[in-house]
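Have a look at the structure below before the remarks.
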Amino acid sequence: GDICGMVYEGAYLPFVWTKETGRTLLQWPLNSGASGLTSRNSGLLTVVGTADTAAFRNQVQIVQPDPEYTLIDNGPENLTSLYSGPMPLEALDVNRSGQIVGVATNGSHDRAFRIDATGIKNLGTLPPVVRKNNATGSGANGVNNLGRVVGWSKEYANAFQPSIPAQPFLYIDGQGML
């Protein structure tokens, strides 16, 4: 399979690794890391990740001039420009439809989000019926090809007490967080 991540070489650099090409560094800003990767779709990999306070999406084309493979890095697209809120985005996963999920954070409260063709959506927190705490934050860690999102929801304590442990959630369109 294909792998994405980050490597430290004087600064953190995002990379994609495929069996055909080995490791290829992506042309992103310094101190960034790739965190989500779709399966191949017609030779195209979609990689998402974060550089400091901006989230990025990268379309990486795998070209196959027989018998060698080459990765063509089309450069990152800054996803933060899609979001007008005060919180920076951290992109964590992407599915074959191009839906991207992650966490928008301002340092004290996090929110799970999903970006798709209609724009960016705040997924909220677990409802009181489901949660065991007064959830004030959430984050999305993964999205499948049906658009169902998994992540966490938790209550933040004050600065002098640790947070209460997070609870997992499943987000389904039309049903919200379960």
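The values are calculated or read from the model by the stated rules, or taken from the named source; none is laboratory data. If you're wondering where the values come from, they're calculated on a predicted model, not measured in any experiment. Every residue, glycine as well, gets a Cβ built from its backbone with ideal geometry; the counts of neighbours run over all protein chains shown. Accessible surface areas use protein heavy atoms only, side chains included; no ligands, DNA or RNA. Shrake-Rupley method; radii C 1.70, N 1.55, O 1.52, S 1.80 Å.
A few remarks follow.
- In the range 20-68, counting only strands (runs of 3 or more DSSP E) that sit wholly within it, the ones holding 2 or more residues that are surrounded by 12 or more Cβ atoms within 10 Å (Cβ to Cβ) and at pLDDT below 75 span 32-37, 44-51, 54-63.
- Of all the residues in the range 94-106, those that are in a strand (DSSP E or B) and open to solvent by less than 30 Å² (accessible area, probe 1.4 Å) number 6.
- Flag if residue 73 is at pLDDT below 80, open to solvent by 40 Å² or more (accessible area, probe 1.4 Å), in a strand (DSSP E or B) and charged (D, E, K, R): yes
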